[in-house]
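**Student:** Let me begin by handing over the structure; questions about it come next.
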Amino acid sequence: MGSVFLPHLRTGWHVDQAIVTETARLVVIRFGRDWDKQCMIMDEMLYSIAEKVKNFAAIYLCDIDEVPDFNDMYELQDPMTVMFFYRNKHMMCDFGTGDNNKMNFLVDDKQELIDIIECIFRGARKNKGLVISPYDYNHRRVSEGGRAVV
């Protein structure tokens, strides 16, 4: 149900505008397919925290089939990917998974997700391009089916 309430970016121009025009908050974009189970779960999590993080983060959804413009540029092969941007700059976060460019696994705890977004926002305000996640996910890996496995 979260995908119904969160704003969708329907074209590449809309994605660019969301990233470029937001100057005060972190832009969080979930790339994936709206019908995918992982995306549905992450959309619910993002929707459940949207009100709590609205002062420092803007959350958007982007269907990679509807808007394929960024699939190659951001290497969006996973079923679900969350990326972060601040003042038109891609923010990287070290989750301990080896991929600092994006979060391609589910976070199933609301406070944990809020902490991650807040940590990236604080680092971005200090002009850091790479921040260290407050949680270590090195025990997670992505299986062949794209699902995170413990």
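Just so you know, all these numbers are worked out from the coordinates, no wet-lab data involved. The structure presented is a predicted model; accordingly, all values stated were derived computationally and were not measured. Quick reminder, even Gly has a Cβ in these numbers, built from the backbone with ideal geometry, and neighbours come from all protein chains shown.
**Student:** Just the residues that are within 21 Å of Gln111 (Cβ to Cβ) and surrounded by 14 or more Cβ atoms within 10 Å (Cβ to Cβ), please, taken from region 1-13.
**Tutor:** Result: Gly2, Leu6.
**Student:** Applying the selection to region 36-77, what residues are among the aliphatic types (A, V, I, L, M), within 22 Å of Ala124 (Cα to Cα) and under 14 Å from the mean Cα position of the chain (by Cα)?
**Tutor:** Once the filter is applied, which keeps residues that are among the aliphatic types (A, V, I, L, M), within 22 Å of Ala124 (Cα to Cα) and under 14 Å from the mean Cα position of the chain (by Cα), region 36-77 yields Leu46, Ile49, Ala50, Val53, Ala57, Ala58, Ile59, Leu61.
**Student:** State all residues of region 120-140 that are surrounded by fewer than 17 Cβ atoms within 10 Å (Cβ to Cβ) and in a helix (DSSP H, G or I); if no residue qualifies, say none.
**Tutor:** Arg122, Arg125
**Student:** Would you confirm whether or not region 42-54 contains a residue that is more than 22 Å from Glu75 (Cβ to Cβ), surrounded by fewer than 13 Cβ atoms within 10 Å (Cβ to Cβ) and of a type outside the set (Lys, Arg)?
**Tutor:** Yes - at least one qualifying residue is present in region 42-54.
**Student:** Take the residues in region 79-90 that are surrounded by fewer than 23 Cβ atoms within 10 Å (Cβ to Cβ) and within 15 Å of Arg125 (Cβ to Cβ), then tell me which one is nearest to the chain's Cα centre (by Cα).
**Tutor:** Phe85
**Student:** Among what's in region 19-59 and is of a type in the set (Phe, Trp, Tyr) and touching a residue at least 40 places away in the same chain (Cβ under 8 Å), pick the residue that is farthest from Thr81 (Cα to Cα).
**Tutor:** Looking at residues that are of a type in the set (Phe, Trp, Tyr) and touching a residue at least 40 places away in the same chain (Cβ under 8 Å), I get Phe56.
**Student:** Going by the structure shown, is Asp16 in a loop (DSSP other than H, G, I, E, B) and either in contact (Cβ under 8 Å) with a residue 60 or more places away in the chain or surrounded by fewer than 18 Cβ atoms within 10 Å (Cβ to Cβ) (or both)?
**Tutor:** When the stated conditions are applied, Asp16 does not pass them.
**Student:** Say we look at region 100-119 and pick out the residues that are β-branched (Val, Ile, Thr) and assigned to a helix (DSSP H, G or I); which of these is surrounded by the fewest Cβ atoms within 10 Å (Cβ to Cβ)?
**Tutor:** Once the filter is applied, the top-ranked residue is Ile114.
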